[in-house]
Amino acid sequence: MIKVLALIIFLSANLFAGTKDTTVSGDLNFDSIIDVVKVSFVTNDGLYSYLEGPFTVDINGTVYTDKCEEAEVFDVKIVGIGPDALNPAVMVSCFGTGDVGEYFFYEIKNKKIVSLGSIKVWGSAEVPGNGKILTNAWMGFWSLQGEYAIDKESGKLMMFKKDTYDVNIEGMVKTTFKIFKSREDNSEVVQNLKPGTKLTFLKCDISPVCKNEGGYDDEYDCDWYFLKTQGGTEGWVRFKDFKNSVEDLPWAG
């Protein structure tokens, strides 16, 4: 009985497991020989078929295994990272729910597949062929324009970090909150903004990370925003201290 049950489980697993494949081709190392790239995602074909996340990249028979967190659909293409569209790479794009995208990049060197890393954004990524990868990441009520490039030392994709990013979104105070002179919680309070005050968020410092109520790292709540009121008053405020206190912001959804 145990052997029969084990056989049923084995057969069921094989019946409901499969792959979804995409094949592209191109010259990945300028040797005038066309390279064949096959990307295969593991699928679960139960009541409905869906991608599970794990996938393989096969280039000329050499295989690299990777995984994306969300994979509602995926896309594969060969891109020239640059500059001048050089550095050919395989770009595997995973798209999840809520426009979450994860973009993986691979090169082939000495017949081996080398991962350049991945970029995960709530938005999109573009490869213009000038040595950079440009991202458009939705930050709740504004879009962060990011830039990535291949780091010469590590050979991995790295983001060009800026001190602040432009926001330029208008809103109006719904409930009172404080703004500070500098990006410090113990900084001098510039003003308690009153309901009805019109303001413009000018820029954002995305570098702070703090713990949320569940004890996990939160990359958004502690971000510092620099704003200017219609009356000319300027100051800094953390995201968590105004996110429920400002109306007329173009929130997603």
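Most tightly packed first, judged by the mean number of other beta-carbon atoms within 10 Å of their residues, the peptides 88-96, 29-37 read 88-96, 29-37.
Any idea what the dipole of the chain comes to, in debye rounded to 20, about its Cα centre with Lys/Arg Cβ at +1 and Asp/Glu Cβ at -1? Display every interim value, and only then the final one.
Details: 26 positive and 37 negative charges, 55 e Å.
The dipole magnitude comes to about 260 debye.
Relative contact order of the chain, taken over Cα pairs closer than 8 Å and 6 or more residues apart, is 10 percent. When +1 charges are put on Lys and Arg Cβ atoms and -1 charges on Asp and Glu Cβ atoms, the dipole computed for segment 142-222 relative to its Cα centre reaches about 360 debye. A cut-off of 5 Å between modelled amide H atoms, ignoring neighbours fewer than 5 places along the same chain, links Ile81 with Ala89. Among Ala125, Thr62, Leu144, whose Cα sits farthest toward the positive end of the charge dipole of the chain (+1 at Cβ of Lys/Arg, -1 at Cβ of Asp/Glu, about the Cα centre)? Highest projection toward the positive end goes to Leu144.
Compared with the dominant principal axis of the Cα atoms in the chain, helix 2-16 is inclined by about 70°. Taking the fewest neighbouring Cβ atoms within 10 Å as the starting point, the ordered list for Trp236, Trp251 is Trp251, Trp236.
Each reported figure results from applying straightforward, stated rules to the coordinates on display, with no laboratory input. If you're wondering where the values come from, they're calculated on a predicted model, not measured in any experiment. All Cβ positions, even for glycine, are placed from backbone atoms using ideal geometry, and neighbour counts span all protein chains on display.
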